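Student: Pasting a structure below so you can have a look.
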Amino acid sequence: MTEMNIDIDALMHELEELAAFSDTPPPSVTRVLWTETDQKARAYLKRRIEEAGFSWREDAIGNIFATFEGKNPRLPKVGTGSHIDAIPHAGKYDGTVGVLGGLEAMRALKRSGFQPRRSIELLVFNAEEPTRFGVGCLGSRMLSGALKPEEALKFRDQDHMSFDDARAQGGFLGDLGKVQLSDQHYFAFVELHIEQMPNLEKAGLPIGVVTAIAAPSSFKLHLTGQGGHAGAVLMPDRKDAFLAASEIALCIEQAVKDHGTIDTVGTVGLVQVHPNAINSIPSKVELGVDLRDIEATRRDRVLQSLLQAAEDICLKRGIRMELEMLNQDPPSKSDPMLVKTIQSNCEKLGIPYQNMVSRAYHDSLFMARIAPTAMIFIPCKDGISHRPDEYASPEHIRTGVEVLAGVLRDLGEV
Ligand code: HGY
Ligand code: MN
Ligand code: MN
Ligand code: MN
């Protein structure tokens, strides 16, 4: 089999060009679902796909599928890919390494004269980040059937725009019922992604083989108090929604520490205060909470205990609390055959690796519902992600793409 060469200079240049499509100044990247910036980035990607000589299609919510046609295109395909949307003030490698790296792996295979038996398909999933509608992985959820169209149509963004109006604004008018793919569409799916933790870097390893993805959940607590004039209402007469929220945030931390393990993480990442005026007692607060664990039952036990504690705080303070569950997903396990294929490609190339769990979720979490799935991790500097100083070196990106290309080649021939 002829040597494959990865054009890392072209790939690094494309990662820089893609990063320029952002609603915040460099080095940060902000690219939110169906915004003009998102559309420009997608148009850029489509041009790269066409230049590579691959065909592409887009589904009714904007997942992009670029196909490297196999000798037998009717066979279930080999999929790879990730996302290009970025939370506010993020970095330039989260997701994009799996998209542009996947494209380069396909180009390298094509340049080497290889034509797969099975078609190889690059997926660019829509809305892996929860930024706009509060739920992550919208594209892969719908594609795998984990999110039904009628559920998605209930979503509203922070400006109360409906999912369908936002979709139409992005130019997507197709039938949502056609997004879901059968569990025969893909023979396998492998995603390349930065680790977003410091383990590989600490171990001095260039590759992580992901054996499982932690179980994510997120919810909102809508807290309603009484509000009033900051100067006129005496302390004993107050029902201050923000003070209740503050106590609840600390009790979330305590519940995770008391009832979870080191594998349980809880974050209060979103706080909206109303009316948010310096001389007005907060009457309403919305808390956005992210709770994860590699074990779903333990996560849900922690969830119950923190909700009970939150209710007790609200009772004591005379605050009304409404829970809005956003997602409560099971973890996913990688397919053993794919794990072996990644490991054997590393061994063939003399690349050291370690098996590991992903604590961040990815589109692979949902692809695992319709295809054997696994992930390849590369290190990122100090494990930093979702920050402008997120960084992955050209050497590590090249190694990740080289392993991915070998895996796609092997799977494409099965
Ligand atoms: O939050 C996550 O784990 C993913 O990066 N959206
Ligand atoms: Mn992310
Ligand atoms: Mn990501
Ligand atoms: Mn992710």
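Student: On the basis of being open to solvent by less than 10 Å² (accessible area, probe 1.4 Å), among the small types (Gly, Ala, Ser) and touching a His at 6+ places or on another chain (Cβ under 6 Å), does GLY98 make the cut?
Tutor: Criteria met by GLY98.
Student: Let me ask something additional. Does ILE376 satisfy being of a type outside the set (Phe, Trp, Tyr), within 22 Å of the chain's Cα centre (by Cα), within 16 Å of ligand 3 (Cβ to nearest atom) and open to solvent by less than 30 Å² (accessible area, probe 1.4 Å)?
Tutor: Considered against the rule, which asks whether it is of a type outside the set (Phe, Trp, Tyr), within 22 Å of the chain's Cα centre (by Cα), within 16 Å of ligand 3 (Cβ to nearest atom) and open to solvent by less than 30 Å² (accessible area, probe 1.4 Å), ILE376 comes out as yes.
Student: Criterion first (among the polar types (S, T, N, Q), in a strand (DSSP E or B), in the same structural domain as THR24 (by TED's automatic domain parsing) and crowded, with 24+ Cβ neighbours inside 10 Å) does SER82 satisfy it?
Tutor: The answer is yes for SER82.
Student: I want to confirm something. Restricting to region 268-285 and keeping residues that are within 30 Å of THR297 (Cα to Cα) and open to solvent by less than 50 Å² (accessible area, probe 1.4 Å), which single residue is nearest to the chain's Cα centre (by Cα)? Walk me through how you get there before you give the answer.
Tutor: Start the filter on region 268-285 by keeping residues that are within 30 Å of THR297 (Cα to Cα), which leaves 268-272, 285.
Going one step further and asking which of them are open to solvent by less than 50 Å² (accessible area, probe 1.4 Å), we end up with 268, 285.
Details: VAL268: 18, VAL285: 26 Å.
Once the filter is applied, the top-ranked residue is VAL268.
Student: Identify, by number, the condition in (1) assigned to a helix (DSSP H, G or I); (2) away from ligand 3 (no atom under 16 Å from the Cβ); (3) buried (at least 23 other Cβ atoms within 10 Å of the Cβ) that ALA371 doesn't meet.
Tutor: All conditions pass for ALA371, except number (1).
Student: Among the residues in region 328-338, are any among the charged types (D, E, K, R), closer than 29 Å to GLU16 by Cβ and either without any contact (Cβ under 8 Å) to a residue 12 or more places away in the chain or not in a strand (DSSP E or B) (or both)? Reasoning before the result, please.
Tutor: Narrowing region 328-338 to residues among the charged types (D, E, K, R): 329, 333, 335.
Filter again for closer than 29 Å to GLU16 by Cβ, leaving none.
For region 328-338, residues among the charged types (D, E, K, R), closer than 29 Å to GLU16 by Cβ and either without any contact (Cβ under 8 Å) to a residue 12 or more places away in the chain or not in a strand (DSSP E or B) (or both): absent.
Student: I would also like to ask the following. Please specify each residue of region 313-360 satisfying the condition of being under 30 Å from GLY204 (Cβ atoms), open to solvent by 70 Å² or more (accessible area, probe 1.4 Å) and of a type in the set (S, T, N, Q).
Tutor: ASN355
Student: Here are LEU323, LEU270, LEU307: which of them is outside the structural domain of PRO88 (by TED's automatic domain parsing), without any contact (Cβ under 8 Å) to a residue 60 or more places away in the chain, farther than 21 Å from ALA230 by Cα and part of a strand (DSSP E or B)?
Tutor: When all the criteria are applied, what remains is LEU270.
Student: For the structure I just gave you, tell me whether LEU365 is in contact with a strand residue (DSSP E or B) (Cβ under 8 Å, 6 or more places away or on another chain), in a strand (DSSP E or B), open to solvent by less than 30 Å² (accessible area, probe 1.4 Å) and not hydroxyl-bearing (Ser, Thr, Tyr).
Tutor: Spelling it out, it is not the case that LEU365 is in contact with a strand residue (DSSP E or B) (Cβ under 8 Å, 6 or more places away or on another chain), in a strand (DSSP E or B), open to solvent by less than 30 Å² (accessible area, probe 1.4 Å) and not hydroxyl-bearing (Ser, Thr, Tyr).
The values are calculated or read from the model by the stated rules, or taken from the named source; none is laboratory data. Please read all numbers here as calculations on a predicted model, not as lab measurements. Heads up, the Cβs are rebuilt from the backbone with ideal geometry, glycines too, and the neighbour counts pull from every protein chain shown. In case anyone asks, the SASA skips ligands and DNA or RNA and just uses the protein heavy atoms, side chains included. Shrake-Rupley method; radii C 1.70, N 1.55, O 1.52, S 1.80 Å.
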